[in-house]
Amino acid sequence: MSKGPGLFSEIGKKAKDLLTKDYTSDQKFAISTCSDAGVALTSTAVKKGGFSTGDVAVQYKYMSTLVDVKVDTESNVSTTLTFADILPATKAIASIKIPDYTAGKVEVQYFHDHATFTSAVGLSQQPTVDMSATIGTPSFAVGAEAGYETSSGTFLKYNAGISVTNADYNASIILADKGDTLKASYVHHFDQLKRKSTVAEITRRFSTNENTFTVGGSYAVDPLTTVKTRLNNHGRLGALLQHELKAKSILIISSEFDTKALDRHPRFGLSLSLKP
């Protein structure tokens, strides 16, 4: 929509994705198809521990409107409507969930060359209101967000962050949890195609006087295969292998174990997404 800064939710997202995205201890299988009319259908089954769940999602795009409908095995129906450019440089998102209507919300996002704003209101009699603002450029951004509960008249959250980005690296600092948590992260790419990347993140929680330091990285073995790893100062070591079986069909195998308690069984996860 614009060439300005991203949303506040994007501050620190590159480091978070590199350290957490696709790591899982569940077993997941998904298959997707798309009709000539542009209707995409995705069926997903997940086994977590001794429980199994599933859902069917349908997505349809008409001009600048995107419709998403998901039905799960617990008879929940979630619908999301996304209207791009409903006004110049503005996106609107409306979501509703049946039977829990109070889980729905309406969100408006505004993109400017030097700022972005978001506002979201829950669909209940005493809704929660979330707002965020970011100013800057694609390479430098400062932002803040807040969540206000109208029923109690209190703030559920207020966070602030800063991000510096260029082609080779991304650095960010976020003050979260109402000022109780300070998180700093740095991502470095060793080549223009980002085949080799490393990340470091340190989190300080003031109320418990606890520090967590995590390092990780990703390496593209070939155009179809990527490996990732991470390790924190508490001894949690994780590894991940992602392989593209064919175009857009992805197999992911991940594992994690505690290096300070080798007698415990490691956790393994498997994800298979097929797009015929």
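How many residues does the stretch 183-207 contain that are more than 19 Å from the chain's Cα centre (by Cα), open to solvent by less than 80 Å² (accessible area, probe 1.4 Å) and more than 30 Å from residue 225 (Cα to Cα)?
Qualifying residue count, the stretch 183-207: 1.
Return the only residue of 171, 146 being touching a Phe, Trp or Tyr at 6+ places or on another chain (Cβ under 7 Å), within 24 Å of residue 217 (Cβ to Cβ) and surrounded by 15 or more Cβ atoms within 10 Å (Cβ to Cβ).
After ruling out the rest, the residue left standing is 171.
Within the bounds of the stretch 115-131, is there any residue that is of a type outside the set (Ser, Thr, Tyr), loosely packed, with under 15 Cβ neighbours inside 10 Å, within 24 Å of residue 16 (Cα to Cα) and touching a Lys or Arg at 6+ places or on another chain (Cβ under 9 Å)?
No, that holds for no residue.
Mind listing whichever residues of the stretch 23-43 are exposed (fewer than 15 other Cβ atoms within 10 Å of the Cβ) and not aliphatic (A, V, I, L, M)?
Result: 33, 34, 35, 36, 38, 43.
Take the residues in the stretch 51-106 that are assigned to a loop (DSSP other than H, G, I, E, B) and among the aliphatic types (A, V, I, L, M); name whichever of them is least open to solvent (accessible area, probe 1.4 Å). Can you show your working first?
So the first thing to find is which residues in the stretch 51-106 are assigned to a loop (DSSP other than H, G, I, E, B), and the list is 63-64, 73-76, 88-89, 99-100, 104.
Add one more test, that the residue is among the aliphatic types (A, V, I, L, M), and what stays is 63, 89.
Values: 63: 150, 89: 27 Å².
Once the filter is applied, the top-ranked residue is 89.
Among the residues of the stretch 242-268, which ones are in a strand (DSSP E or B) and open to solvent by less than 70 Å² (accessible area, probe 1.4 Å)?
242, 243, 244, 249, 250, 251, 252, 254, 255, 256, 258
Which one is farthest from residue 271 (Cα to Cα) among residues in the stretch 24-50 that are part of a loop (DSSP other than H, G, I, E, B) and in contact with a strand residue (DSSP E or B) (Cβ under 9 Å, 6 or more places away or on another chain)? Can you show your working first?
Within the stretch 24-50, the first condition is being part of a loop (DSSP other than H, G, I, E, B), and the residues that meet it are 24-26, 35-38, 49-50.
Those left that are additionally in contact with a strand residue (DSSP E or B) (Cβ under 9 Å, 6 or more places away or on another chain): 24-26, 35, 37-38.
Values: 24: 8, 25: 9, 26: 8, 35: 24, 37: 28, 38: 25 Å.
So, considering only residues that are part of a loop (DSSP other than H, G, I, E, B) and in contact with a strand residue (DSSP E or B) (Cβ under 9 Å, 6 or more places away or on another chain), the one farthest from residue 271 (Cα to Cα) is 37.
Within the stretch 149-161, identify whether any single residue is open to solvent by less than 80 Å² (accessible area, probe 1.4 Å), part of a loop (DSSP other than H, G, I, E, B) and among the acidic types (Asp, Glu), and answer yes or no. Spell out the reasoning first.
As a first pass, look at the stretch 149-161 and keep what is open to solvent by less than 80 Å² (accessible area, probe 1.4 Å): 149-154, 157, 159-161.
Narrowing further to those that are part of a loop (DSSP other than H, G, I, E, B): 150-153.
If we keep only those that are among the acidic types (Asp, Glu) as well, we get none.
There is no residue in the stretch 149-161 that is open to solvent by less than 80 Å² (accessible area, probe 1.4 Å), part of a loop (DSSP other than H, G, I, E, B) and among the acidic types (Asp, Glu).
The values are calculated or read from the model by the stated rules, or taken from the named source; none is laboratory data. Remember, predicted model here, so these are calculated numbers, not experimental data. Every residue, glycine among them, receives a Cβ derived from its backbone with ideal geometry; neighbour counts consider all protein chains shown. Note: areas computed on protein heavy atoms with side chains; ligands, DNA, RNA excluded. Shrake-Rupley method; radii C 1.70, N 1.55, O 1.52, S 1.80 Å.
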